[in-house]
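Working notes, structure below.
The values are calculated or read from the model by the stated rules, or taken from the named source; none is laboratory data. Being a predicted model, the structure only gives us computed values, none of them experimental. Positions of Cβ are generated from backbone atoms using ideal geometry, with glycine treated the same way; all protein chains shown enter the neighbour counts.
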Amino acid sequence: HEGGELQDVFRDHEIQPANDGKPSGKGGVSASTGLNSSLTSRLVSVINSSPVMLFMKGKPEEPKCGFSRKVVEILQQEKVEFKSFDILTDDEVRQGLKIHSNWSSYPQLYIKGELIGGSDVALEMQKSGELKRLLTEKGIVPQESHKDRLKKLVSSSPIMLFMKGNPEAPRCGFSSKVVNALKEEGLSFGSFDILSDEEVRQGLKEFSNWPTYPQLYYKGELIGGCD
């Protein structure tokens, strides 16, 4: 490695490099990381001890740093069951995991044995919805039910209009009338184009026991249609 930086890191952590770049036998050294194979096995075992594993400073109920606290909060908000490992209690794991995963800081979040990242990555993934998608895809949290999705949609704005088209380009006269009425009252509102999603279009009729569109909601409660 240029400048011998990697050797310096190994020396700092008392890790011996592999001989000739080849993996050695049991109790030897991994060629890919330079970590003792028994430590590598231990790290892999701990990483995989739970579908969602958080290596952090402190414990979930008592984090010892703000970044660790943030990831705990994110997982709790997503209603995810997880295990944690306090890296302050074990310096061998603390130093070894940095090299094993090529990630130099803590916390470290793993899902199904794969490193996701630290607090910044977890926060960005939560904001974008990517974290929920990944947790659902991996079977860690259940798929959102159709009814739950409709509940969220009708409450996604204080005034919510389910219409054909959008406010700028309504696709039916009834939808256009409701849009104009709301605009004349100077009301801001959210909208959903039911022509873009057949599942929502059919499901909402049954959910609200109202067979036609548009449908206007206020704070999650159906107000009615065009008339």
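Please indicate, with yes or no, whether at least one residue in region 88-108 is in a strand (DSSP E or B) and within 24 Å of residue 141 (Cα to Cα).
Among the residues of region 88-108, at least one is in a strand (DSSP E or B) and within 24 Å of residue 141 (Cα to Cα), which makes the answer yes.
Just for region 104-114: of the residues that are touching a residue at least 12 places away in the same chain (Cβ under 8 Å), surrounded by fewer than 18 Cβ atoms within 10 Å (Cβ to Cβ) and not hydroxyl-bearing (Ser, Thr, Tyr), which one is nearest to residue 43 (Cα to Cα)?
By that ranking, first place goes to 113.
With the condition being outside the structural domain of residue 103 (by TED's automatic domain parsing) and basic (Lys, Arg), I'd like the helices (runs of 4 or more DSSP H) fully within region 113-227 carrying at least 1 qualifying residues.
146-154, 173-184, 198-208
So which of 54, 97, 88 ends up being touching a strand residue (DSSP E or B) at 6+ places or on another chain (Cβ under 9 Å), at pLDDT 95 or above and surrounded by fewer than 17 Cβ atoms within 10 Å (Cβ to Cβ)?
None of the others qualify; the one that does is 88.
Conditions tested, residue by residue: (1) surrounded by 12 or more Cβ atoms within 10 Å (Cβ to Cβ); (2) in contact with a helix residue (DSSP H, G or I) (Cβ under 8 Å, 6 or more places away or on another chain).
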{"site": "142", "(1), (2)": "no, yes"}
{"site": "186", "(1), (2)": "no, no"}
{"site": "195", "(1), (2)": "yes, yes"}
{"site": "199", "(1), (2)": "no, yes"}
{"site": "207", "(1), (2)": "yes, yes"}
{"site": "218", "(1), (2)": "yes, no"}
{"site": "222", "(1), (2)": "yes, yes"}
